[in-house]
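What follows is a short report on a single structure.
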Amino acid sequence: MKVPFIDLQRAHQPIKRALLDAFEKTIEHGGYCLGPDVTAFETAFAKEQGVSRCVGVGSGTEALHLIACAMEIGPGDEVIIPSFTFIASAWFAQYVGARIVFADIDPVSYTLDPVALEALITDKTKAIVVTHLFGQAAALNVKLPALRSKTERRQELGRRYLDGIRHSDIELPQPLEWGRSVYHMFTIQHPERDRLRTYLADNGIGADIVYPHPLHRQPCFNFLGYEEGDFPVSERLANRCLSLPIVPELADEEIEYVIETLNAF
Ligand SMILES: Cc1ncc(COP(=O)(O)O)c(C=O)c1O
């Protein structure tokens, strides 16, 4: 059996007609930028999020950059950022000339460690980036109506993994007391992560490393002067993490197959 890590074809198939109709309308009204589609998305997304306004932009990086500009963050300011996240979480601070201050992550939630964070706050701290990386959902216009059911399916798949994976060397993500994950990622840990990933691939299962390098070890941030060992929780996770397939389109048999294959490792 083949279980892909991500399968956009499967995700798009049920909404293909709606997507093509939407593209056709966009091509026909000929709006070069902004236009009714963006307005409709902004209105629908604001409503879904329970906020009064929403501004559509071209990328996550751009959104963070614009927020930094709006907050007038600049030279002399410090921005605290978790050391285990996507690199765009830090780029924006550099774009506006602020000083990046990395903080380690919590070993259970894999997100910013509040204790580490507190120790880093100074009177120059202008912003704190709290990346909800391991439980965040995003959506576009056509996908908005299905957001809730897809999230519920991810949570169901997450429960199946938590109940089904029984392996002494595999560390499972712990459900948190203070919140519920949408399982944007289902990230396990194993001391021989690369061997496990190859074994899964040999059995037709796609698993990915999100992320292999903590930000303070990225060469582009060498100038900040951080060293190996500065953020041990991030470094340990980067060396051991493996994200399993958890897209909502996966069938029960596929998840069971992944569980059986993992338990037989
Ligand atoms: C934490 C985080 N922020 C932002 C992004 C996306 O940034 P962009 O849309 O600029 O590629 C990603 C994409 O993987 C991400 O994981």
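Values quoted throughout were computed directly from the atomic coordinates according to the rules given, and no laboratory measurement underlies them. Here the structure is a predicted model, which means the values were calculated and not measured. Don't worry about glycine lacking a Cβ; one is built from the backbone with ideal geometry, like all the others, and counts go over all protein chains shown.
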Do we have any residue at all in segment 112-120 that's within 16 Å of the ligand (Cβ to nearest atom), in contact with a strand residue (DSSP E or B) (Cβ under 9 Å, 6 or more places away or on another chain) and part of a helix (DSSP H, G or I)?
no
Return the pairs, sorted by first residue and then second, in which the second residue is assigned to a loop (DSSP other than H, G, I, E, B) and within 16 Å of the ligand (Cβ to nearest atom), the first residue lies in segment 87-116 and is over 20 Å from His184 (Cα atoms), the beta carbons are less than 7 Å apart, and the residues are 6+ apart or on different chains.
Phe102/Ser83; Ala103/Ser83; Asp104/Ser83
Tell me yes or no: at least one residue of segment 28-47 is assigned to a loop (DSSP other than H, G, I, E, B) and either of a type in the set (Phe, Trp, Tyr) or within 16 Å of the ligand (Cβ to nearest atom) (or both).
yes
Members of segment 69-126 found to be of a type in the set (Phe, Trp, Tyr) and closer than 24 Å to Cys241 by Cα, listed by number
Phe84, Phe86, Trp91, Phe102, Tyr110
Consider Glu24 carefully, then state whether it is surrounded by fewer than 15 Cβ atoms within 10 Å (Cβ to Cβ), within 16 Å of the ligand (Cβ to nearest atom) and not in a strand (DSSP E or B).
no
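Can you pull out every residue in segment 150-168 that is of a type outside the set (Val, Ile, Thr) and in contact (Cβ under 8 Å) with a residue 60 or more places away in the chain?
Across segment 150-168, the qualifying residues are Lys150, Arg153, Arg154, Leu157, Gly158, Arg160, Tyr161, Gly164, Arg166, His167.
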Count of segment 177-210 residues which are surrounded by fewer than 16 Cβ atoms within 10 Å (Cβ to Cβ) and under 23 Å from Asn239 (Cβ atoms)
7
Suppose the filter is among the aliphatic types (A, V, I, L, M), touching a Lys or Arg at 6+ places or on another chain (Cβ under 9 Å), within 16 Å of the ligand (Cβ to nearest atom) and within 30 Å of Ala93 (Cβ to Cβ); does Val182 pass it?
yes
Within segment 66-90, residues surrounded by fewer than 19 Cβ atoms within 10 Å (Cβ to Cβ), in a helix (DSSP H, G or I) and near the ligand (Cβ under 10 Å from one of its atoms) come out as Ala88
Determine which single condition Ser168 fails, assuming it passes every other condition in (1) surrounded by 13 or more Cβ atoms within 10 Å (Cβ to Cβ); (2) farther than 15 Å from Pro107 by Cβ; (3) more than 17 Å from the chain's Cα centre (by Cα).
(1)
Which pairs have Cβ atoms under 7 Å, sit 6 or more apart or on different chains, and link a residue in segment 193-216 that is closer than 15 Å to Ile165 by Cβ to one that is aromatic (Phe, Trp, Tyr)?
Leu196/Phe265; Tyr199/Phe265; Ala207/Phe5
Subset of segment 181-207 (residues that are out of contact with any helix residue (DSSP H, G or I) (no Cβ under 7 Å at 6 or more places or on another chain), part of a loop (DSSP other than H, G, I, E, B) and at negative phi)
Glu192, Gly206
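For segment 62-78, check the following and say yes or no: at least one residue is under 21 Å from Ile209 (Cβ atoms) and touching a Phe, Trp or Tyr at 6+ places or on another chain (Cβ under 7 Å).
No, segment 62-78 contains no residue that is under 21 Å from Ile209 (Cβ atoms) and touching a Phe, Trp or Tyr at 6+ places or on another chain (Cβ under 7 Å).
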